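Here's the structure we're looking at; comments come further down.
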Amino acid sequence: MAIELSQIATLRRVLEIFCARHDLEFADRTAIIAARELMKFADEGETDPLVLEQRLDEAMQTSGGPMLPARRTVASMGASSARQQ
């Protein structure tokens with residue numbers, strides 16, 4: 001399945017939130033793995049940003065990959081969307 005431009009923008013926002021929460025740069029190995037996970041979720045048909053955030057957090061915690069840095073408090077997409085309405 002091809003990912004549409006609007007989906008790419010959503011995936012990028014979710015990845016930005018994830019990276020901010022974990023003090024990661026886009027070029028960090030963990031961020032690259034997270035981006036791949038997000039693309040996989042999009043290929044599976046997931047489009048909801050809040051679900052993508054949740055699935056990414058779960059996948060990265062259970063992946064057995066590199067340990068994530070401590071989480072910082074960052075507004076989720078849901079909170080920022082609610083403020084814009």
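Coordinate-derived values only; no laboratory data. Since this is a predicted model, take the numbers as computed values, not measurements. Quick reminder, even Gly has a Cβ in these numbers, built from the backbone with ideal geometry, and neighbours come from all protein chains shown.
A few comments on the model shown:
- Among 49-59, 24-34, the order from most to least packed when residues are scored by Cβ within 10 Å on average: 49-59, 24-34
- For GLU46, residues with placed amide H under 5 Å, excluding near neighbours: none
- Inter-probe distance in nm under a simple model that places probes 7 Å from Cα toward Cβ, at LYS40 and LEU5: 2.9
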